[in-house]
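FYI, it's all coordinate maths here, none of it is from the lab. Fair warning: this is a prediction, and the values are worked out from it, not measured in the lab. Note that we place each Cβ from the backbone using ideal geometry, even for glycine, and neighbour counts take in every protein chain shown.
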Ligand SMILES: NC(=O)c1ccc[n+]([C@@H]2O[C@H](COP(=O)([O-])OP(=O)(O)OC[C@H]3O[C@@H](n4cnc5c(N)ncnc54)[C@H](OP(=O)(O)O)[C@@H]3O)[C@@H](O)[C@H]2O)c1
């Protein structure tokens, strides 16, 4: 019967031969995502963040992974994703090495925690510039490379790292993340708009919405909220996020398995955002 036929199941989650760009790839969730892309078979993964030394260190760690395809490489391309000049510098570095891109992870992000009454305009602007304008600039500038080999049958992929703070309410109080939460809500909706605009060009656009994953960005909030153990206990799944939780969703969205998912925002938080209570910290 036709329903039992799945075309080439063994390659459904494969990224064999793909070329990817990961912003904020030098550490944290971006580094995990880059590792997942390479281990799923990607050929070239460009790692970008502001600090060249951090990008190079991340590439060295990725290139030392024992299970990469022959010739697979992580390549350092430092740039500031919060300005259009920086995004164009990134495009120039990538274009010098490839004529197409299959996967773009718009992952770089910044946050700011401060009480409502003192929350500074400059911090709000900085967060919006990277988390929203930066993502729009990135997708617009990379669209020609993403379109190069794309078709509706075999689409290129954009995955935006948003947050559950863009779906629910962010952190309030002393370390309020008003700009951050608003930026993540904005970028999720930007993703939906781009999904409909770029789908016919053979590019899908989806957002991932992580909950609490220990990283440099989240560690301060983690301490302030009672520590990893207390937060884990308060989660419906009784733990925080792990690298494999990011890896699984990234490979799903960027492989043939996710080819018809477009405009989605996927929560990766153990269900915590549906829970009520004091320790329901959002990131
Ligand atoms: N960790 C969590 O619990 C959590 C939860 C929900 C959402 N997120 C989101 O996940 C994404 C990654 O965060 P993370 O937790 O992995 O944080 P992280 O460890 O602090 O990593 C942030 C990355 O972004 C880069 N970056 C910062 N500003 C940049 C800029 N202007 N231009 C280019 N790159 C820049 C950083 O490198 P440089 O300093 O070298 O630029 C670094 O590679 C963010 O969008 C964040 O909002 C995280």
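Using all C-alpha to C-alpha distances in segment 12-99, build P(r) with 5 Å bins and read off the rounded percent in each one. Using 5 Å bins, I get a P(r) of 3, 17, 27, 25, 18, 7, 3, 0 for segment 12-99. Extension gain for the segment residue 201 to residue 266, taken as residue separation times 0.36 nm less the Cα-Cα distance, is 21.1 nm to one decimal. Taking other C-beta atoms within 10 Å as the exposure proxy, 268, 208, 250 rank 268, 208, 250 from fewest upward.
When shorter helices are ignored and each DSSP H run of at least 4 residues is given -39500 (n - 2.57), the per-residue value for the chain at 222 nm works out to -11500 deg cm²/dmol. Can you give the angle from 0 to 90° between the axis of helix 28-39 and the longest principal axis of the chain, with both taken from C-alpha atoms, to the nearest 10? It is inclined by approximately 20 degrees.
By definition, a body whose alpha carbon gyration tensor gives a ≥ b ≥ c is prolate when a/c is 1.5 or more and a/b is larger than b/c, and segment 148-242 fits this prolate description. Between residue 169 and residue 122, the contour length at 0.36 nm per residue exceeds the Cα-Cα span by 14.8 nm. Out of every Cα-Cα pair that the chain contains, those further apart than 25 angstrom amount to 44 percent.
Placing dummy labels 7 Å off each Cα toward the beta-carbon, the span from residue 98 to residue 3 is 3.9 nm. Compared with the dominant principal axis of the Cα atoms in the chain, helix 178-198 is inclined by about 20°. With axes computed from alpha carbons, what is the tilt in degrees of helix 243-254 against the longest principal axis of the chain, rounded to the nearest 10 within 0 to 90? Roughly 50 degrees between the two axes.
Annotation: extensible slack from residue 228 through residue 85 equals 47.6 nm (criterion: 0.36 nm per residue apart, minus Cα-Cα distance). A simple packing score, the average count of other Cβ atoms within 10 Å per residue, orders the peptides 62-71, 138-147 as 138-147, 62-71, with the highest score first.
Legend: ranking of residues 50, 27 from fewest to most surrounding C-beta atoms inside 10 Å; resulting order 50, 27. For segment 141-156 and segment 55-107, what is the separation of their Cα centres, given in Å? That distance is 17 Å. Counting every other Cβ atom within 10 Å of each residue's Cβ, 197, 56, 3 order from fewest to most as 3, 197, 56.
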